[in-house]
Amino acid sequence: MRTKIFVAAVGAVMALGLAACSGGGAGAGSGSGSTGGSSAAAGGLIGVAMPTQTSERWINDGKAVKDGLEKAGYTVDLEYAGDDIPTQQQQIDQMITKGAKLLIVASIDGTALANQLQSAADKGIKVISYDRLIRDSANVDFYVTFDNYKVGVQQATSLLVGLGILNADGSAGKATGPFNIELFAGSLDDNNAKFFFDGAIDTLKPYMDKGTLVVKSGQTSIEQAATLRWSQETAQKRMEDLLTSTYSKGDKVQGVLSPFDGISRGIITALQNAGYGPTIAQGLPIVTGQDAEIASVKLINDGVQFATIFKDTRKLADQAVTSASAFMAGKTPEANDTKSYNNGVKVVPSFLLQSDIVYKDNIKSLLIDSGYYTEAEVKAGQAG
Ligand code: GAL
């Protein structure tokens, strides 16, 4: 990592700034070193606020954004907030105090950063919302993310494919049901959760209306399906409760819509503990996911989780760096969507990336051939 940084750093001035930064570590908390480097680095300081290190995806995102910005000549203060809202607020306040010229923020609670963003705006600091939209503030300048509604459509599609209602090419499958399913959603304070759920429900509804799919618990609203902070433990507990309340008299659940791999693993644990599976071939329900986290890719490879959605964090990080560089050069980043993301105050110009459904039979083409994971990592269920 250090070698990579130094190879990328051309010129003595840059090398100085980066030496200070790499000495401070990859932003696990203090961000020390970054401020010292800011005056020396050609491009100036950029603050990168990430929500949590409990999920591997945000670790990958943080590292990719930091590496990309450093290669582009900036000094980076990368901070993780342990999913704690006041911590994230403080970290952003500190980035502003340290002299950050631009902020890239993946929020915990999208509605809780208006004060921080106002201070940023007062100092002329541009703000890029990363993956999750920051709401209720006019001071969000740009949004880089995936087509989140479509991610929800893909999650529901993978559920339909797993149940045999659709084929992977989208044509009608042989299965007619009825199938018992349950629905999980993400954290309600994350704007993405609603987009994922809307995309999924719009896709599943025709089958629910026909009776092909039955949400046996009756819990069909996003409020009932939500999982605070996208927590694996919370999801496991809710699945256990559903099994007790709805499936204790001999009915079986056949599919579970899950919006995130961590949630999927909680659901799978609850199902296996209740005697399902342990694999799909042995009766485990079809469980969907998102993020192609390595632990879940292994489960897909082993026939346990059915599918996930691959959102290439390398591309998202690249897009964040491109947009940041445009702002830093006094230009406006290029948007490809100027309609979809109203944050409650304004429509935020966005750059949306596309995602893919990962099934067992395309792990190789999507994830291994693209260099996202090695075959050994998929087998082990661990990156690195
Ligand atoms: C969402 C994000 C998902 C997933 C989830 C839990 O905001 O779009 O990809 O990572 O958070 O971390």
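The values are calculated or read from the model by the stated rules, or taken from the named source; none is laboratory data. Just so you know, these numbers come straight off a predicted model, no measurement behind them. FYI the Cβ positions are ideal-geometry reconstructions off the backbone, even for glycines, and counts take in every protein chain you see. Remember, those area values only see protein heavy atoms, side chains included, never the ligands or the DNA or RNA. Shrake-Rupley method; radii C 1.70, N 1.55, O 1.52, S 1.80 Å.
The rows are residues; the columns are (1) surrounded by fewer than 20 Cβ atoms within 10 Å (Cβ to Cβ); (2) more than 13 Å from Leu213 (Cα to Cα).
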{"site": "Asp141", "(1), (2)": "no, yes"}
{"site": "Phe146", "(1), (2)": "no, yes"}
{"site": "Gln154", "(1), (2)": "no, yes"}
{"site": "Ala168", "(1), (2)": "yes, yes"}
{"site": "Lys174", "(1), (2)": "yes, yes"}
{"site": "Gly177", "(1), (2)": "yes, no"}
{"site": "Ile181", "(1), (2)": "no, no"}
{"site": "Asp190", "(1), (2)": "no, yes"}
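Out of Ser248, Ser231, report the one residue that is modelled with pLDDT under 95, surrounded by fewer than 24 Cβ atoms within 10 Å (Cβ to Cβ) and outside the structural domain of Gly82 (by TED's automatic domain parsing).
Working: Ser231 fails: modelled with pLDDT under 95.
Just a single option satisfies the conditions, and that option is Ser248.
Out of the residues in the stretch 251-274 that are open to solvent by 10 Å² or more (accessible area, probe 1.4 Å) and outside any helix (DSSP H, G or I), state the one that is nearest to the ligand (Cβ to nearest atom).
The first filter runs over the stretch 251-274 and keeps only residues open to solvent by 10 Å² or more (accessible area, probe 1.4 Å), leaving 251-252, 254, 260, 265, 269, 272-274.
Then drop every residue that is not outside any helix (DSSP H, G or I), which leaves 251-252, 254, 260, 274.
Working: Asp251: 30, Lys252: 28, Gln254: 25, Phe260: 5, Ala274: 25 Å.
Across the stretch 251-274, the extreme among qualifying residues is Phe260.
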Checklist entry - Before we move on, is Asp312 within 16 Å of the ligand (Cβ to nearest atom), among the acidic types (Asp, Glu) and under 24 Å from Thr145 (Cβ atoms)? => result yes
Next on the checklist: I want to confirm something. Restricting to the stretch 48-73 and keeping residues that are within 10 Å of the ligand (Cβ to nearest atom) and in a helix (DSSP H, G or I), which single residue is surrounded by the most Cβ atoms within 10 Å (Cβ to Cβ)?
Outcome noted: Asp61
Item to check | Neighbours by Cβ (under 6 Å, 6+ apart or cross-chain): first from the stretch 147-167, under 30 Å from Pro349 (Cα atoms); second among the polar types (S, T, N, Q) and crowded, with 24+ Cβ neighbours inside 10 Å | outcome: Gln155/Thr288; Ser158/Thr288
Checklist entry - With respect to the numbered conditions (1) part of a loop (DSSP other than H, G, I, E, B); (2) surrounded by 15 or more Cβ atoms within 10 Å (Cβ to Cβ), which one is the sole condition not fulfilled by Asn362? => result (1)
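Looking for something in the same structural domain as Ile125 (by TED's automatic domain parsing), under 27 Å from Asn362 (Cα atoms) and either touching a residue at least 60 places away in the same chain (Cβ under 8 Å) or of a type in the set (A, V, I, L, M) (or both) - is there at least one such residue anywhere in the stretch 318-336?
Narrowing the stretch 318-336 to residues in the same structural domain as Ile125 (by TED's automatic domain parsing): 318-336.
Next, from what is left, pick out any that are under 27 Å from Asn362 (Cα atoms): 318-319.
Right, trim to either touching a residue at least 60 places away in the same chain (Cβ under 8 Å) or of a type in the set (A, V, I, L, M) (or both) and you get 318-319.
Yes.
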Checklist entry - Considering the stretch 338-370 alone, what residues qualify as being free of Cβ contacts under 8 Å to residues at least 24 places away in the same chain and within 19 Å of the chain's Cα centre (by Cα)? => result none
Checklist outcome for this item: Considering residues that are of a type in the set (Gly, Ala, Ser), more than 11 Å from the ligand (Cβ to nearest atom) and part of a helix (DSSP H, G or I), the number found within the stretch 146-165 is 3
